[in-house]
Amino acid sequence: LDIWEPFETERAPTVTPRDRPQDDERLKAWYVPIRRNPNFTGREDILTALYDSLHAGDRAALTQTAAVHGLGGIGKTQIAAEYAHRYAGAYNCVWWIAAEDAATRQTGYVELAQRLDLPQKDAQDHNVTVAAVREWLRLNDKWLLILDNVPDSESIQRLLPDGDTGHIVITSRSAAWKGVAGPVHVDTWPRAETLDFLRRHTG
């Protein structure tokens, strides 16, 4: 039984002994701004589909990428956060980027470069820093990158690394991800999960 606790954003996640990285594979970066929700309910089928999509080895995508799409407020961000916390022990780098506009996307990549202490972390031209992060992602494995609230696939084409060394989870209201990511559709809760959620909150 694996028991996962909420992680502080500045702390490395606790992992079970069998998942603990070796000394030369210590966690390089961790940033997930959402604490693990103790009342997270259901969505096991979606989490399974997300896991399967990321581990399918589909070379048609730029990387092993999964897009979680659906209506606003339906739970895409919470699902992505649950995935990050649940499978944190499988990664050496887990990084969350608010991706609703170009400025926040670029800032997220610059902050990751600073955390990784890349030589280009303080470059005047942020495009140089973004390129350095993409190259680090291409050359390293066991990383998870979450791009939250992406407006459309075209807006992140230049941010995705080549190759399939790590995993990318995208949340978006758009369903048009063919050739970029394997879409995982998020729908409203079935009645049983709705009742379970209410019971967890009300006792």
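The values are calculated or read from the model by the stated rules, or taken from the named source; none is laboratory data. Computed from a prediction, not measured in an experiment: that's the story for all the values here. So basically every Cβ, Gly included, is an ideal-geometry build from the backbone, and we count neighbours across all protein chains shown.
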* Asked: For segment 172-191, how many residues are farther than 28 Å from Glu135 by Cα and free of Cβ contacts under 8 Å to residues at least 12 places away in the same chain?
  -> 1
* Taking segment 92-110 only, how many residues are in a helix (DSSP H, G or I) and of a type in the set (Asp, Glu)? -> 0
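Quick grid of which residues meet (1) surrounded by 18 or more Cβ atoms within 10 Å (Cβ to Cβ); (2) closer than 19 Å to Gln78 by Cα:
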position: Val94; (1), (2): yes, yes
position: Thr104; (1), (2): no, no
position: Asp117; (1), (2): no, no
position: Gln124; (1), (2): no, no
position: Thr129; (1), (2): yes, no
position: Asp141; (1), (2): no, no
* Sort out which residues of segment 158-171 are touching a residue at least 40 places away in the same chain (Cβ under 8 Å) and either more than 15 Å from the chain's Cα centre (by Cα) or farther than 15 Å from Gly182 by Cα (or both), and write them in order of number. => Leu159, Pro161, Asp162, Gly163, Thr165
* To do: Please list, ordered by first then second residue, the pairs with beta carbon atoms under 7 Å, 6 or more apart or interchain, first in segment 54-77 and closer than 14 Å to Ile156 by Cβ, second among the acidic types (Asp, Glu) and at pLDDT 50 or above.
  => Leu62/Asp162; Thr63/Asp164
* Please go through segment 103-129 and pick out each residue that is modelled with pLDDT of 95 or more and in contact with a Ser or Thr (Cβ under 7 Å, 6 or more places away or on another chain). => Tyr109, Val110, Ala113
* Asked: Picking from Tyr51, Tyr91, Tyr87, Tyr109, which residue would you name as being in contact with a helix residue (DSSP H, G or I) (Cβ under 6 Å, 6 or more places away or on another chain) and closer than 19 Å to Ile170 by Cβ?
  -> Tyr109
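Looking only at segment 111-121, decide whether some residue is among the acidic types (Asp, Glu), on the phi < 0 side of the Ramachandran plot and not in a helix (DSSP H, G or I). Can you show your working first?
Here is the first cut: in segment 111-121, the residues among the acidic types (Asp, Glu) are 111, 117.
In the following step, the residues that additionally are on the phi < 0 side of the Ramachandran plot were identified as 111.
If we keep only those that are not in a helix (DSSP H, G or I) as well, we get none.
Within segment 111-121, not a single residue is among the acidic types (Asp, Glu), on the phi < 0 side of the Ramachandran plot and not in a helix (DSSP H, G or I).
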* Among (1) touching a residue at least 24 places away in the same chain (Cβ under 8 Å); (2) within 19 Å of Val169 (Cβ to Cβ), where does Ala102 come up short? -> (2)
* Asked: Within segment 53-75, is there a residue that is surrounded by fewer than 22 Cβ atoms within 10 Å (Cβ to Cβ), part of a strand (DSSP E or B) and among the small types (Gly, Ala, Ser)?
  -> no
